[in-house]
Each structure stands twice: as structure tokens, then as C-alpha cells.
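As C-alpha cells, the structure follows; a few thoughts come after it.
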Amino acid sequence: MFGLFGRKKAAFDLTEGNRHVLPGLALLEAGQGEPLGGLYAGLAPADRLHFLDGLGQVSEIGSPLPDLTVHPAMYAIAGGLHYVWAHRLRGFATADRTSDAQVMDMADMAAVAEDLLAAAAETTPGDSVLHGFRFRAMMLTGAPQGGFQAVTADLRRCGEVNVLSELARMNYLAPKWHGSVGEMHAAAEAAMDGAPNAAFLALKARALIEEWLYQTAMNDDEAEIAAFREKVKSEALRAEVAALDDRFREAFRAGPELSFAEAGFAHNNFGVLMTLFKDVARLKPHLSAIAGTPFQTPWGYIAGRNVAGMIAKLRADAGLPRLKV
């Protein structure tokens with residue numbers, strides 16, 4: 001069902017449409033830390049995290065960094081980049097398909113990321129992005145005693161709301177990492193409570209996708225798998241998914257307007273959820289909003305490396321025009 005480990009490749013934009021990534025790459029390669037920090041600091045919270053994800057994907061692993069003292073944001077930038085590089089070194093396969101050498105390289109890079117992010121937490125504690133990356137680094141290496149709770153407290157105190165940092169917190173609690181299905185859903189629902197905009201509703205969509213992935217590709221408990229299969233067939237779950245999508249639409253229309261990264265996160269996750277439930281009518285507006293900038297995750301869960309190809313087929317099935325290459 002899931003194509004996460006498929007081999008077929010198609011063209012994919014590693015910046016996921018973020019127009020700031022390539023200018024940021026030019027500044028990084030030129031060693032211009034002050035304007036790079038200024039570019040980062042001028043973005044909305046979720047867009048800052050998305051920017052570092054894209055910059056980490058298109059930059060060379062271990063690239064020399066500008067002087068970290070030239071801008072307050074440089075510690076957060078450096079920490080985020082080292083996390084993305086660590087994840088690239090590990091690869092995206094399951095643990096049984098990840099070599100010991102990959103794990104060691106990942107751990108070394110992740111340790112550097114954690115040190116840099118700890119320094120960033122002292123330098124710019126009000127930056128929600130660095131706390132999101134702290135969750136993500138702990139996801140790879142495990143948290144020290146009380147570490148998850150401490151970062152949660154720092155995120156709550158920082159004064160920013162950031163759907164992608166909340167996603168990182170939720171993912172830490174996913175059953176494939178350090179939590180359970182119940183803990184993951186509870187984190188999504190808590191972040192949605194009183195959420196500032198529609199994008200936060202997509203956390204629940206992502207939790208449902210993560211549950212589906214875990215139960216169909218990772219869990220070894222036959223009784224839990226069987227129970228999940230029955231749950232997916234139920235009208236109750238379909239009604240829950242439809243109500244979530246309706247709630248998103250209502251909040252989306254009412255505003256406030258979503259930033260680029262918030263909108264991308266929301267439409268891509270709802271798009272994958274509606275694909276799993278084969279609801280073409282509800283999928284169509286999300287595909288239309290995504291256009292030619294799909295996000296690798298979560299589409300990679302079901303399309304493997306051929307995200308662009310799957311999007312093209314789904315658009316055709318939904319009656320949407322073919323995208324210009």
C-alpha cells in the first residue's frame with residue numbers, strides 16, 4: 001500500500017516551492033552570515049523552519065558555515081542545517097534497512113546539531129523553530145531524562161505559535177519513534193485547541209496518516225493491525241475525516257491567511273489523507289492548491305520517490321489540468 005521505499009524516481013523540487021531557499025543557499029555558499037540571518041529572521045515562524053529544511057536538502061552536507069556570531073539567528077540556522085544533514089546521512093528507510101555506518105554518521109551530526117540548538121536556545125529563546133528542531137534531533141537520538149518535557153516548556157514560553165514545531169513535537173510522540181498512537185493523537189488535538197489558524201487542523205490529518213503508516217507497514221501486533229483495518233472500514237472514521245476537512249475549509253475561509261509553509265503543510269497533509277480514503281471530491285481542492293509544489297512528506301509515504309508522478313495521476317483522475325513542466 002505504501003510506496004515509501006520504492007525505487008522509481010521522478011523530478012522533485014527539494015525546496016518544495018520555497019522561494020527563499022536558493023537565495024539563502026547563495027548566501028550560505030558565499031559565507032555571508034549577516035544577510036542569511038536577516039533573511040531567516042524576516043520569515044514567518046513556520047516558513048523559517050521550512051526554509052531550513054529546504055536549505056539543508058540543497059546544500060552540501062557539512063558545508064562550512066559563516067561566523068556564528070555575525071547574526072543572532074546563526075546558531076539556530078546552523079543547528080537546523082546539521083539536523084537536516086543528519087537525517088540525510090541516516091536515509092529515510094526503516095531501521096532494518098539502515099546500516100550501522102549510516103547510524104553512526106547520523107548520530108555524530110545530530111550531536112553537533114543538539115549542541116548548536118542548545119546554544120541557540122540561549123541566544124534566541126523566542127525562536128520557535130529552534131525548539132522544533134530540538135524535538136527532531138531528540139527523535140533521532142533519544143531524549144535525556146526530562147528532555148522532551150523541557151523542550152515542550154521552552155516552546156510554550158517562546159511566545160510564537162508554529163505549526164511545524166508542533167508537528168515535530170507530535171512526531172516525537174508517534175509510535176514509530178518514542179510514543180504511541182494515543183499520545184500522538186493527543187498531541188495533535190492539544191495543539192489544535194484554540195489554534196490561531198486553519199493549518200493547525202492538519203496536525204490531526206497528519207496523525208491519522210502516521211497511524212495508517214504505522215499500522216500497515218511497521219506494527220507487528222496482529223491484533224492491533226486487525227483492529228485498525230476494521231476502524232478504516234467504519235463509517236464513523238470516514239465521518240470524522242469528512243468533519244475534519246469541513247472544519248479546515250471553514251477556518252481557511254474565515255482566516256487569517258496562511259503563510260506559504262502553513263498552507264503547504266495543510267493542503268499536502270489533507271491531500272494525502274483524502275488519497276488514502278479515496279475521496280476524490282475532497283482531494284481535488286487540495287490538489288488544486290498544491291499545484292506543482294508537493295511536499296515530500298507525507299506524499300513519499302505513499303508515492304515513494306515518484307511524488308511528481310503520483311500527483312500527476314491524481315490530478316488527471318480528479319479532472320484537473322496537467323501541470324506545465
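For region 142-153, check the following and say yes or no: at least one residue is touching a residue at least 24 places away in the same chain (Cβ under 8 Å), farther than 21 Å from V112 by Cα and of a type outside the set (A, V, I, L, M).
No - not one qualifying residue is present in region 142-153.
Would you mind stating whether Y40 is modelled with pLDDT of 95 or more, hydroxyl-bearing (S, T, Y), open to solvent by 10 Å² or more (accessible area, probe 1.4 Å) and closer than 23 Å to F135 by Cβ?
no
Of all residues in region 115-159 being among the small types (G, A, S) and part of a loop (DSSP other than H, G, I, E, B), which is surrounded by the most Cβ atoms within 10 Å (Cβ to Cβ)?
Only one residue fits best here, namely A143.
Applying the selection to region 184-217, what residues are in a helix (DSSP H, G or I) and exposed (fewer than 15 other Cβ atoms within 10 Å of the Cβ)?
E189, A190, A217
Please state which one of A30, A26, A10 is at pLDDT below 95, farther than 27 Å from L155 by Cβ and either among the aliphatic types (A, V, I, L, M) or surrounded by 19 or more Cβ atoms within 10 Å (Cβ to Cβ) (or both).
A10
The values are calculated or read from the model by the stated rules, or taken from the named source; none is laboratory data. Predicted, not measured: the structure shown is a model, and the values here were computed from it. Note that we place each Cβ from the backbone using ideal geometry, even for glycine, and neighbour counts take in every protein chain shown. Heads up: the accessible areas ignore ligands, DNA and RNA and are worked out on the full protein's heavy atoms, side chains in. Shrake-Rupley method; radii C 1.70, N 1.55, O 1.52, S 1.80 Å.
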